[in-house]
Amino acid sequence: MSFITVQLGQCGNQIGYELFDVISNDIHSNGLCTRKENELYQAASKERFFDETESGDFVSRAVLLDMEPKVISQTLSRATHSGKWRYSEKSQFSQKQGSGNNWANGYYVHGPKHKDFIMNLVRKEAEKCDRLSGFITIMSMAGGTGSGMGTFVTRCLRDFYPNSLLLNEVIWPYGTGEVIVQNYNSILTLSHLYESSDALLVHENDIIHKVCSQRMNIKQISFQDVNKVIAHQLGSVFQPAYTADGALHYSRNPLGELMESLVPHPEFKLLGLGNIPQMSEHSLAYSTFTWHGLIKHLRQMLIANAKMEEGINWQVQLPSKLASGRNSLAAELQFNKSVANLAMFRGKDIEEASPEGFREPALYTSWLPPDNSFSIWKTPRAFNKYEKSATLMSNSQGLLKPLDTIVGKAWTMFASKAYVHQYTKYGIEEEDFLQSFTTLEQIISSYSTL
């Protein structure tokens, strides 16, 4: 089955380009596996991400949307010059006038105004697919007009394609952002997406920035560096894998199986993502990894809610392994509880990858049977130059703290009516803000009581 990727705004288009570039490079690599395995993998990946024309061109299954033409033209040009794949120039929409950087302007004005044109672009892309698995939208959570319009488009996708799956990849803003109203934009985006989508996969800019600095050893970190790391992590999830032991074919419905594994209840839709190893190509050439070591680190990242392998707190343990004694430091450290987890292992000697540590019932909420809480996908094909790599997608309490922080900051501003007039002049009402706060506070409550 195929995905259609909807790239929304500057953030979504830049990450979308890096994602397709990672996928294309991975398809054209040898994957350190047998020829037959490589051919099966490449065919499955092409079906998901690209439409191969009669002339042999790889054209991405994507729709590009932005309120300004500059970003889209740059994105189209970069893809064309890659020489391996390109975007369809007929699957893009942009405006040629200033749009006013305002969430409400995007959701209430530009979205409805251009709805028919945008959904027609999506329809044409959907008609090219033999079988449509669903949609992956990529967007900033805290942007202005682009995030507002992206949220509106997500709602339209749900209305127009009620039986297709919808995953939103959202980029969490830096804690110290440059935009004073980013907390308003974030709560409006999150609350609306939660109603429309099947799941929200979140990347935090602060965490990805640390990966670039501490794992990739990049001194002057650019947005392109950050986007490449996000794209690598997304590719490690959406590239083909065997979803059952002894499977002879790669999954034909990866979005469906992903949702089945990770979203067992519609009240819990927030997904996080951890991927190891991640390092510069120079360091990679002098490094070796074992499955035991990778899985041990990935499991502790989950338990301690560490978003990367640098600086993991190894003192946080599950209750059954806490040291005895009232003064035990470990006993005072709360572990990260999960609804469900999905591990993906890619690379050499895959039969040695044993994920039993992720099956412990103490990791999970009590209302879901243990057998339904953890899933594992595997492939012997290496991904993106890593001989062995492991990825964990988690539906857990991992995003509770940043979500609570953003809601608290937005509420403080709203209580003093700061900047609210900038939104109300485009049709949003104070009741809409209150509804967004209510929705997110309910999410916080639900995850807190796992």
*Accessible surface, 1.4 Å probe, highest first, among residues Glu169, Glu310*: Glu310, Glu169
*Amide H neighbours of Ser140 under 5 Å, counting only residues 5+ apart in sequence or on other chains, H built in-plane at 1.01 Å?*
Cys11, Gly12, Ile171
_Selected from Asn336, Asn183, Asn372 as most flexible by GNM, with the chain as the system and alpha-carbon contacts under 10 Å_ = Asn372
*Ordered by residue, what ³J(HN,Hα) values in Hz, to whole numbers, does the stretch 76-83 give under the Karplus form 6.51 cos²θ - 1.76 cosθ + 1.60, where θ = phi - 60° and Gly and Pro are x?*
4, 5, 4, 5, 4, 6, 5, x
*Looking at Gln74, Trp172, His114, which one has the Cα that reaches farthest to the positive end of the dipole of the chain (charges on Cβ: Lys, Arg +1; Asp, Glu -1)?*
Gln74
*From the C-alpha gyration tensor of the stretch 106-191, square roots of 5λ in Å*: 26, 15, 10
*Any idea which of Gly9, Ser213, Thr391 is furthest toward the positive side of the dipole for the chain, if Lys and Arg beta-carbons carry +1 and Asp and Glu beta-carbons -1?*
Ser213
*Using the Karplus curve 6.51 cos²θ - 1.76 cosθ + 1.60 with θ = phi - 60°, work out ³J(HN,Hα) for each residue of the stretch 431-436 in order, rounded to whole Hz, and write x for Gly and Pro.*
4, 5, 4, 4, 5, 5
*Roughly how many Å² is the accessible area per residue of the stretch 158-289, as a whole number, for a 1.4 Å probe?*
42 Å²
*Scan around Val63 for amide H atoms under 5 Å from its own, H built in the peptide plane at 1.01 Å from N, and keep only partners 5 or more places away or cross-chain.*
Thr5, Val6, Gln7
_Solvent-accessible area per residue, Å², over the stretch 337-450 with all protein chains present [probe radius 1.4 Å]_ = 44 Å²
*May I have the convex hull volume per residue, in Å³, for the Cα set of the chain?*
153 Å³
*Sites Arg78 and Lys124 - FRET efficiency at Förster radius 25 Å, r taken between beta-carbons, to 0.05*: 0.65
_Relative contact order of the chain, please, whole-number percent, based on alpha carbon pairs below 8 angstrom and at least 6 residues apart._
17 percent
*Run the dipole for the chain about the Cα centre, Lys and Arg Cβ at +1, Asp and Glu Cβ at -1, nothing else charged, and hand back the magnitude in debye, nearest 20.*
500 debye
*Please calculate the 1.4 Å probe accessible area of Val109, with all protein chains present, and give it to the nearest 10 Å².*
60 Å²
*So, with +1 on the Cβ of K and R and -1 on the Cβ of D and E, and no other charges, what is the size of the charge dipole of the stretch 1-114 about its Cα centre, to the nearest 20 debye?*
240 debye
*Would you check the accessible area of Glu431, probe 1.4 Å, heavy atoms only, in square angstrom rounded to 10?*
120 Å²
*HN-Hα J in Hz across the stretch 236-244 - Karplus 6.51, -1.76, 1.60, θ = phi - 60°, x for Gly and Pro*: 5, 8, 8, 5, x, 8, 7, 9, 8
*Select from Gln182, Tyr286, Ala104 the residue farthest towards the positive end of the dipole of the chain; place +1 on Cβ of Lys and Arg, -1 on Cβ of Asp and Glu, and compute about the Cα centre.*
Tyr286
_Helix-only [θ]222 nm of the chain, DSSP H runs n ≥ 4, -39500 (n - 2.57) each, per residue, nearest 500_ = -13000 deg cm²/dmol
*Around Val170, with a cut-off of 15 angstrom between Cβ atoms, what is the net charge of the other residues, counting Lys and Arg +1 and Asp and Glu -1?*
-3
_Could you work out how much longer the chain between Thr34 and Lys417 gets when fully extended? Use 0.36 nm per residue separation minus the Cα distance between them, nm to one decimal._
131.6 nm
*asked:* Students sometimes get this wrong: rank His28, His265, His282, His192 by accessible area, probe 1.4 Å, all chains present, largest first.
replied: His282, His28, His265, His192
*Accessible area, probe 1.4 Å, largest first, for residues Arg252, Arg86*: Arg252, Arg86
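The values are calculated or read from the model by the stated rules, or taken from the named source; none is laboratory data. If you're wondering where the values come from, they're calculated on a predicted model, not measured in any experiment. Don't worry about glycine lacking a Cβ; one is built from the backbone with ideal geometry, like all the others, and counts go over all protein chains shown. When the accessible area is computed, the model is the full protein with side chains, heavy atoms only, and any ligands, DNA or RNA have been set aside. Shrake-Rupley method; radii C 1.70, N 1.55, O 1.52, S 1.80 Å.
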